[in-house]
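Below is a structure I'd like to ask you about.
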Amino acid sequence: MLATRSIRSLVKHKANFSRSLPNPILYLSQALGLINLSSHLIQCHVNNLFLMANSSTSLIQRLFIYRLMLIQFRFLIPLSPLMVDDWSLWSNMIAFKCDYIACTIASMTSTPFRLQHARFSSTFPDLTLPGHTPLYTCMSPHVFKACLKVLRKRHLYYLSQLLAPSGSHLVSWAAYRAAYIAQLADKRGRSLPHKWYLDVKAHTTLPDSHDQLLDCYVCPPSATSSITLIPGITTTQKNRHWLVTLDGNDFPLFGKQLSVQPKKDTCTIVHWISDCLSSPGDVIRLRPCPGCDAHVPFPSANKYTAVPPRCTLRISLLKSLILPTDCERIRQSTTAVVSPYSWADLSITVIPYCKRLEVSPDFSPTTSVVEYDSPGDSPLGASSNFPSPVLLPSGSHYRYYTDGSLINLGTPDVSMGWSWVQLIPDAGYLNSVATYAHGTIQNWPSSTRAEAAAVYAALSVSPDDSTITIYTDSQATIDGLSLCSSSSYSNSRLYYKSTNFELWASIESSIRSKRLTVFPIKVKGHDGNYWNEFADSLANSAHHSDMAPLLPAAVYTSSHNVRLVFDNIVCESNPRRLLKLYFQATLLKDLLSLKRFQFVYCLSNRDDYVIDWELTWFTLNFSPVHDASFQAFHAARHYTFKFKLFLDDLPLLEKLKLTRSDLYIDLLTCRSCRDRMEDLMHLILCSKRRSVMHQILQSYQNHLFSKLREAGDLAEMDPTPMLRKLSSLSCWTISSSNWSSYALIRGCLPAMFIDLFVELSIPRQSAMKVVAAIHNNFIQKLRRRIWNPRTYDKSKWEDAMNITLKLKTTPRPSNLPATSYVPYSSLPPPTHLVTSRDSDVDWIKNSMIQGWDVDFYSGRVIRYYVSIVASTLETI
């Protein structure tokens, strides 16, 4: 914000606005429409990251996985970076600032949007490392940052790595030093506890309790062994130890160290084998491996041993332990090596140690994750709540009638029902109906979504390699199924710009994974077709049936590896457009939260004056036609005056006292009536101009009456009821307590202006042009008959006081003390009507659940569906 302050000041100056102009006006697309670089970058980067994570190219997917794992390693995050809610701990690190993906994920935390793992498979593994508590949550931020390199070198990710086997105590520093870092002793032979250990101890243990953990960190005890083995990570190039670890099948793997790669934490060993699994109670006896499939050639082996090895392997030191044996060096005569321990003794220690860094899911209960390898392996058909079709012989033809139903759109009671009916002609079934199913689906309500849900439910329960005919009365469903047959549909970016793309992706995945052949056939709806009417009645009955199952979102949104969610609702529309919508809505919310717009909340109890923000912005941007009496330079002044009036930014005396306290004294009153402080409300109610204002408003009303009568004549309807409604509006009466008239003059127009014309069959867009032209005519009269005389009266006083134009345009003297004047305002103070719900952005979530036709402030004040983003939502 500080970096762009000078540019914002320049833009305000060039647009002839004051410095006090609200910043949201600069970035609102309906106002100046400048690009907010910060929000624009978030839109672009989040959208690109979402597409990258769900790329159809396996290389891009694996690159995304690798980058997430690299973030985990760099910043010691023992869970998927997509699950981190607070990045403040790492945000100041140079490595973090240079990481594009980390910065993009962190930028989302300032919004309700999140990227979330949808499913895990062999190509997209779970990135969550095991452990009860991430270590960074048990440390002070400054200590964690200072010790990050040390912790990363020691591979300390989580608290469970520092717990005693009992699970109730932190491992002592002496025990940790002996097992891991005995080589860290100083010159005097001491090894003092490190700063990070002391910080962990201070945050996780009870004071003076001998390292006893706080209750929130206590874990169940683990199996213990009397045998203590030293971790292989402590070995060096000089110390050639025998090592034990586990192979890919979790079988014990033994070997003698040849060479260490310290930067990679790996080691090359000579492979020796044992029969310890067949006799786990006997001591471990090792013999040379004659050669196996795991052999990795090591050309430099002769440098490290006098006996050429037959089989060499590379293992991880992080998962290895030093094995005590009776032989420290392999000679030509060495044919067997014996360890004093049995595998039964060592397995209690070796197996947990080697598995401590393996991938293991650790998600909170609120996160739904579908864990199957193929998108088409949907558990829907296996659910008892979803009936299966009557199975036919292999190669038979399945026929389904599908239908969807939508009710109460835009209300909390919105519901979408779906149904399918299976037909088997000439099989003895009543009316050929073999079986049927119905249910509901939530979020992003539309009739097309309900129809698509019916198709998905039918395809999900159909057998593999089937030929299926879908009969539907929805052309949009047929078009969607046709697109599913095109490989370019899911492989292009256009795919994510379509509505319900997660649901359509699941339909396409079912067709592809089950090798289905689908033929969609259009039937005419509500035309007496028995099966179509039956499917329609089933879909309608699902709204109120307790037996109708809900189509689980975790299933039909799991076709992609990563999904975009808004407050736990999966986004199924253009991600970039949704982010832009959120930022635009936030800007308008910030604008309306300013004191100059507090009057909006005073309209909450007036049902006749609900602000239509689409009409308001259209009128503000409307340019009257130029003619001899209204030329281009008139238009510029008109446009500026109109916007300043809307923003309460006119240079009235109460504002001038703040900006130029050296020219306008605190006691200065209106230069027309001389008895009141001059703010915008007084400009309207001034005794010298009240009659003129009444005449202008009466002209405004008469002009609307005239256009309504013309509309009635065109529609051959009686406009009297509409005229009566219009005349009953409270905005035609001016008073200090009538905020609807104040809103009208400011330019916040009511929805009834448009509704009356729409009732007379006038298209909405045409009605908006008519109202905008009438209101702009009102603004011209207001400027000529109210503002210009007021400016003339003020200019006479300024001439008498020798306040010239040059003096007003010169900068304010810098040596003047800051003014402490509190301007008089007849606007309402911040009111109790501004509740915590109004300050949130819950309306976006409600719009996803209930439909886009919802009110911005819970239906009380502003109809936001016809607001600043109506044009954005045309395709949603």
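The values are calculated or read from the model by the stated rules, or taken from the named source; none is laboratory data. Worth saying up front: this structure is predicted, and the values here are computed from it rather than measured. Backbone-built Cβ (ideal geometry, glycine too); neighbour counts: all protein chains shown.
Which residue pairs have Cβ atoms under 9 Å apart, sit 6 or more places apart or on different chains, and have a first residue in the stretch 518-531 that is more than 22 Å from HIS397 (Cα to Cα) and a second that is surrounded by 13 or more Cβ atoms within 10 Å (Cβ to Cβ) and of a type in the set (Gly, Ala, Ser)?
Sorted first by the residue in the stretch 518-531, then by its partner, the pairs are GLY525/SER474.
In the stretch 139-160, which residues are part of a loop (DSSP other than H, G, I, E, B) and either at pLDDT 90 or above or out of contact with any strand residue (DSSP E or B) (no Cβ under 9 Å at 6 or more places or on another chain) (or both)? Working first, answer last.
So in the stretch 139-160, the residues part of a loop (DSSP other than H, G, I, E, B) come out as 139-140, 147, 154-157.
Result: MET139, SER140, CYS147, ARG154, HIS155, LEU156.
Oh, and also: Just checking, which of ARG690, ARG671 is surrounded by fewer than 18 Cβ atoms within 10 Å (Cβ to Cβ) and either under 23 Å from ILE786 (Cα atoms) or more than 46 Å from the chain's Cα centre (by Cα) (or both)?
Going through ARG690, ARG671 in turn, just one is surrounded by fewer than 18 Cβ atoms within 10 Å (Cβ to Cβ) and either under 23 Å from ILE786 (Cα atoms) or more than 46 Å from the chain's Cα centre (by Cα) (or both): ARG690.
I want to confirm something. Restricting to the stretch 640-649 and keeping residues that are crowded, with 19+ Cβ neighbours inside 10 Å and not basic (Lys, Arg), which single residue is nearest to SER814 (Cα to Cα)?
Applying the filter and picking the extreme gives ASP649.
Is there a residue being farther than 22 Å from THR557 by Cα, at pLDDT below 90 and surrounded by fewer than 19 Cβ atoms within 10 Å (Cβ to Cβ) anywhere in the stretch 120-131?
yes
Also, I was wondering about something else. Just one of ILE734, ILE779, ILE774 is over 18 Å from ASN621 (Cβ atoms) and in contact (Cβ under 8 Å) with a residue 12 or more places away in the chain; which is it?
ILE734
Check the stretch 588-609 and report whether any residue there is outside any loop (DSSP other than H, G, I, E, B) and under 20 Å from ILE774 (Cα atoms).
Quick first cut of the stretch 588-609, residues outside any loop (DSSP other than H, G, I, E, B) only: 588-592, 595-603.
Add one more test, that the residue is under 20 Å from ILE774 (Cα atoms), and what stays is none.
Looking through the stretch 588-609, none of the residues is outside any loop (DSSP other than H, G, I, E, B) and under 20 Å from ILE774 (Cα atoms).
While we're looking at this one, here's another question. Cβ-Cβ under 7 Å, sequence separation 6+ or interchain: first residue in the stretch 664-681 and more than 17 Å from LYS796 (Cβ to Cβ), partner of a type in the set (Val, Ile, Thr) and assigned to a loop (DSSP other than H, G, I, E, B). Which pairs?
ASP675/THR669; ARG676/THR669; MET677/THR669
Taking the condition of being more than 17 Å from SER509 (Cα to Cα) and out of contact with any helix residue (DSSP H, G or I) (no Cβ under 9 Å at 6 or more places or on another chain), how many residues in the stretch 447-478 meet it?
Selection size over the stretch 447-478: 2.
List every residue pair whose Cβ atoms lie under 8 Å apart, where the two residues are 6 or more positions apart in sequence or sit on different chains, the first residue falls within the stretch 626-648 and is closer than 19 Å to LYS595 by Cα and not assigned by TED's automatic domain parsing to the domain that holds ARG790, and the second residue, located anywhere, is surrounded by 12 or more Cβ atoms within 10 Å (Cβ to Cβ) and modelled with pLDDT of 80 or more.
Within 8 Å, no pair qualifies.
Taking the residues in the stretch 650-668 that are part of a helix (DSSP H, G or I) and of a type in the set (Lys, Arg) as candidates, determine which candidate is surrounded by the most Cβ atoms within 10 Å (Cβ to Cβ). Break it down stepwise before answering.
Of the residues in the stretch 650-668, the ones part of a helix (DSSP H, G or I) are 653-659.
Narrowing the set further to residues that are of a type in the set (Lys, Arg) leaves 655, 657.
On the way: LYS655: 19, LYS657: 22.
The qualifying residue surrounded by the most Cβ atoms within 10 Å (Cβ to Cβ) is LYS657.
Taking only pairs six or more apart or across chains, which ones have beta-carbon atoms under 6 Å, a first residue in the stretch 69-93 that is touching a residue at least 24 places away in the same chain (Cβ under 8 Å), and a second residue that is among the charged types (D, E, K, R) and surrounded by fewer than 21 Cβ atoms within 10 Å (Cβ to Cβ)?
LEU76/ARG152
Across the stretch 423-438, what is the total count of residues that are surrounded by 19 or more Cβ atoms within 10 Å (Cβ to Cβ) and either under 39 Å from the mean Cα position of the chain (by Cα) or not assigned by TED's automatic domain parsing to the domain that holds ASP536 (or both)?
Number satisfying all stated conditions: 2.
Still on this structure: For the stretch 463-559, give me every one of the helices (runs of 4 or more DSSP H) that falls completely inside it and has 1 or more residues that are at pLDDT below 90, within 27 Å of ALA434 (Cα to Cα) and not polar (S, T, N, Q).
In the stretch 463-559, 475-484, 501-513, 530-541, 553-556 are the helices (runs of 4 or more DSSP H) which contain 1 or more residues that are at pLDDT below 90, within 27 Å of ALA434 (Cα to Cα) and not polar (S, T, N, Q).
Turning to a different aspect of this structure: May I ask you to verify whether SER405 is hydroxyl-bearing (Ser, Thr, Tyr), outside any helix (DSSP H, G or I), within 30 Å of PHE566 (Cα to Cα) and modelled with pLDDT of 80 or more?
Values: hydroxyl-bearing (Ser, Thr, Tyr): yes; outside any helix (DSSP H, G or I): yes; within 30 Å of PHE566 (Cα to Cα): yes; modelled with pLDDT of 80 or more: yes.
Yes.
TYR400 is checked against (1) modelled with pLDDT of 80 or more; (2) part of a loop (DSSP other than H, G, I, E, B) and fails just one. What number does that condition carry?
(2)
Take the residues in the stretch 509-531 that are closer than 14 Å to ASP465 by Cα and charged (D, E, K, R); name whichever of them is surrounded by the most Cβ atoms within 10 Å (Cβ to Cβ).
So, considering only residues that are closer than 14 Å to ASP465 by Cα and charged (D, E, K, R), the one surrounded by the most Cβ atoms within 10 Å (Cβ to Cβ) is LYS514.
Failed condition for LEU406, given (1) among the hydrophobic types (A, V, I, L, M, F, W, C); (2) within 33 Å of the chain's Cα centre (by Cα); (3) crowded, with 23+ Cβ neighbours inside 10 Å, with all others met?
So LEU406 meets the others, but not (3).
Condition first: modelled with pLDDT under 90, under 29 Å from LEU581 (Cβ atoms) and under 21 Å from the mean Cα position of the chain (by Cα). Can you find one or more residues in the stretch 89-107 that meet it?
Yes, that holds for at least one residue.
For the stretch 309-357, which residues satisfy the criterion of being touching a Lys or Arg at 6+ places or on another chain (Cβ under 7 Å) and not in a helix (DSSP H, G or I)?
Once the filter is applied, which keeps residues that are touching a Lys or Arg at 6+ places or on another chain (Cβ under 7 Å) and not in a helix (DSSP H, G or I), the stretch 309-357 yields ILE330, THR335, ALA336, VAL338, LEU357.
Could I ask something else about it? Can you tell me which residue among LEU538, LEU516, LEU587 is within 24 Å of the chain's Cα centre (by Cα) and not assigned by TED's automatic domain parsing to the domain that holds ASP649?
Details: LEU538 fails: within 24 Å of the chain's Cα centre (by Cα); LEU516 fails: within 24 Å of the chain's Cα centre (by Cα).
Matching residue, one of LEU538, LEU516, LEU587: LEU587.
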